[in-house]
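> I have a structure I would like to understand better, so I am pasting it below and will then ask my questions one at a time.
What follows draws every value from the coordinates through simple rules; no lab data is involved. Just so we're clear, the structure is a prediction, and the values are computed from it rather than from any experiment. Don't worry about glycine lacking a Cβ; one is built from the backbone with ideal geometry, like all the others, and counts go over all protein chains shown.
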Amino acid sequence: MPELPEVETIKRDLSILIGRPLKAIIVYDEAYLEKNEITPKELKKLEGQRLLHLSRKGKYLFLHFSQHIFGFHLGLTGSLILVPEENPLDKFKHKVLSLHFLEMSLLFSDMRKFGRLFLFDEEKSFKDFLISIGQDALEIEFSEFKEALRSIRKPIKSALLDQKVISGIGNIYADEILFRADINPLRPARSLSDEELQKLYQTMKEVLHLAISLRGSTIKDYVDGLGGAGMFQTKHLVYQKYGMPCPRCGTTLEKIKVAGRTTSYCPQCQR
DNA sequence: TTCAGCCTGTCG
DNA sequence: CGACAGGCTGAA
C-alpha cells in the first residue's frame, strides 16, 4: 500500500482542493461503504460542505469538511486521483466513489478492497481515533521512539510495522530503513543499544523524507494524487532484492519472513 | 505474538 | 494451478 511517503505525496497533491465546496458525491460501490459502516445517506451530508484542510497521521488521510471529517486508509491498492473534469464513464477500474468539487473531482478506487473509510461527525470521536494510532513516524521524538521500543520483545521489524507503536512504516520502508541502519530485522526491539536506536531513528527520518521528495515508491499499483508514478523505487537497496548481491558488501541478500511479511536483508551488514 | 482471512490480479 | 503482493484485524 501507500505507506507514509505515498500518503503524504497524495495529501500534498490534493491541497489544491482546499477551500472548494463539495458539490456532489457519487457512490459506485455501495457494498464497500456498507463494509465500512457508512450509509449513503450519511455520506450525502457532506454535499454542500467546504473542504477546510487536509491532515495525515501514519497512513491515514483525512479530509476536513465544515461539519464532518472524511478519513481514508488506502490498504494495499487504494488510490485517490484528482481529475479536472469529471467524466462518469471514465476508465478507472474498481471505482468506489467520487467527490465532485467545484471544477475538480476526486476519484477513490480500490482493486483489492483492503482500504477503509471513516466518517466522523464530531471532533471528539475523531480525536479518540487519532489517539488509537501510534505516533507518526515523522512526528515522533527520539525519547518517545526509544521508550516505545524498549519494552517490545518481538523483532524490530515487527515493531516498526506495528502501527500502534509508530505509524506510517510498511514493508518497503521497514526493509530499506533497517538495511541503511545496519540492523538485523530479527533483533528483538528491546535488545537495541541506545546508539543503535539513535541510528535507526535518524535513518528512519532520512529515508522517509527522501522518499517523500521522490514522491513515493511505485512497484505496481501506487499512483499519486494526479495519477502519476513515484520514483523512490529506483533508490531501493534491498526491498524484494533477495537473491541479489548486497549493494554494499556483495553478500547474497537473504529472504526470510518477519511478521508474516517477506523480508530482504543482508546477513553480513545487518547485525 | 503469530496467522488466517479479507480481495483481486499477476506471474511462474 | 499455486504463490505471492505497499495492510490490518481478530481469534488462538
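> For segment A:4-131, what's the relative contact order in percent, using C-alpha pairs closer than 8 Å and at least 6 residues apart?
Rounded, it is 28 percent for segment A:4-131.
> Right, next: Grab the Cα-Cα distance for A:Lys127 and A:Ala229, subtract it from 0.36 nm times how many residues apart they are, and report the gain in nm with one decimal.
Stretched out fully, the A:Lys127 to A:Ala229 stretch lengthens by 33.5 nm.
> Let me ask something additional. I'd like the trypsin sites (Lys or Arg not before Pro) in segment A:156-251 restricted to DSSP loop residues with at most 16 other Cβ atoms within 10 Å, sorted by number. Intermediate values should be presented prior to the final figure.
Details: sites: A:Lys157, A:Lys164, A:Arg180, A:Arg190, A:Lys199, A:Lys205, A:Arg215, A:Lys220, A:Lys235, A:Lys241, A:Arg248; in loops: A:Lys164, A:Arg215, A:Lys220, A:Lys241, A:Arg248.
Passing both the DSSP loop test and the Cβ count: A:Lys164, A:Lys220, A:Arg248.
> Over segment A:136-265, what is the relative contact order in percent, taking alpha-carbon pairs closer than 8 angstrom and at least six residues apart?
22 percent
> Sort A:Leu149, A:Leu138 by Cβ crowding within 10 Å, fewest neighbours at the top. Intermediate results must be reported in sequence, preceding the final value.
Details: A:Leu149 21, A:Leu138 18.
Least crowded to most crowded, the residues run A:Leu138, A:Leu149.
> While we're looking at this one, here's another question. So for A:Asp136, A:Asp110, fewest C-beta neighbours within 10 Å to most, what's the order?
Ranking A:Asp136, A:Asp110 by Cβ neighbours within 10 Å, fewest first, gives A:Asp136, A:Asp110.
> Rounded, prolate or oblate: which fits segment A:4-131 when a ≥ b ≥ c are the square roots of the eigenvalues of the alpha-carbon gyration tensor, with rounded for a/c under 1.5 and prolate only if a/b beats b/c?
Since a/c stays below 1.5, the shape of segment A:4-131 is classed as rounded.
> For segment A:88-127, which GluC sites (Glu not before Pro) are both in a DSSP coil and crowded by at most 13 other Cβ atoms within 10 Å?
Values: sites: A:Glu103, A:Glu122, A:Glu123; in loops: A:Glu103, A:Glu122.
Here the sparse-neighbourhood loop sites are A:Glu103, A:Glu122.
> Follow-up question, since we're still on this one. Evaluate the relative contact order of chain A (contact order divided by residue number), counting alpha-carbon pairs under 8 angstrom at least 6 apart; express in whole percent.
19 percent
> OK, next. With a cap of 16 neighbouring Cβ atoms within 10 Å, and only residues DSSP puts in a loop, list the GluC sites (Glu not before Pro) found in segment A:1-88.
A:Glu37, A:Glu47, A:Glu85
> Mind sorting A:Ile69, A:Ile26, A:Ile256 by how few other Cβ atoms lie within 10 Å of their own Cβ, fewest first?
A:Ile26, A:Ile256, A:Ile69
> With each run of n ≥ 4 DSSP H residues scored as -39500 (n - 2.57), what mean residue ellipticity at 222 nm is computed for chain A after dividing by its residue count and rounding to the nearest 500 deg cm²/dmol?
Working: 8 runs with 77 residues, N = 271.
One gets -8000 deg cm²/dmol as the mean residue ellipticity at 222 nm.
> With axes computed from alpha carbons, what is the tilt in degrees of helix A:171-180 against the longest principal axis of chain A, rounded to the nearest 10 within 0 to 90?
It works out to around 30 degrees.
> By the scheme Lys and Arg +1, Asp and Glu -1, what is the net charge of all other residues having a beta-carbon under 14 Å from that of A:His209? Kindly include the intermediate steps, with their values, before the conclusion.
Details: positive: A:Arg12, A:Arg180, A:Lys205, A:Arg215, A:Lys235; negative: A:Glu3, A:Glu6, A:Glu8, A:Asp136, A:Glu139, A:Glu176, A:Glu206.
Combined, the nearby Lys, Arg, Asp and Glu give -2.
> Between their Cα atoms, which of A:Lys146/A:Lys220; A:Lys93/A:Lys154; A:Lys205/A:Lys257; A:Lys11/A:Lys44; A:Lys199/A:Lys257 are more than 28 Å away from each other? Don't jump to the answer; show the numbers that get you there.
Working: A:Lys146/A:Lys220 34 Å; A:Lys93/A:Lys154 39 Å; A:Lys205/A:Lys257 25 Å; A:Lys11/A:Lys44 23 Å; A:Lys199/A:Lys257 24 Å.
Pairs exceeding 28 Å: A:Lys146/A:Lys220; A:Lys93/A:Lys154.
> Under 18 Å Cα to Cα from A:Lys241, which aspartates and glutamates show up? Leave out anything in the same chain fewer than 8 places away.
A:Asp175, A:Glu176, A:Asp182, A:Glu254
> Take the Cα of A:Glu103, step 7 Å along the line toward its Cβ, and report every residue of segment A:5-41 whose backbone nitrogen sits under 20 Å from that point.
A:12-25
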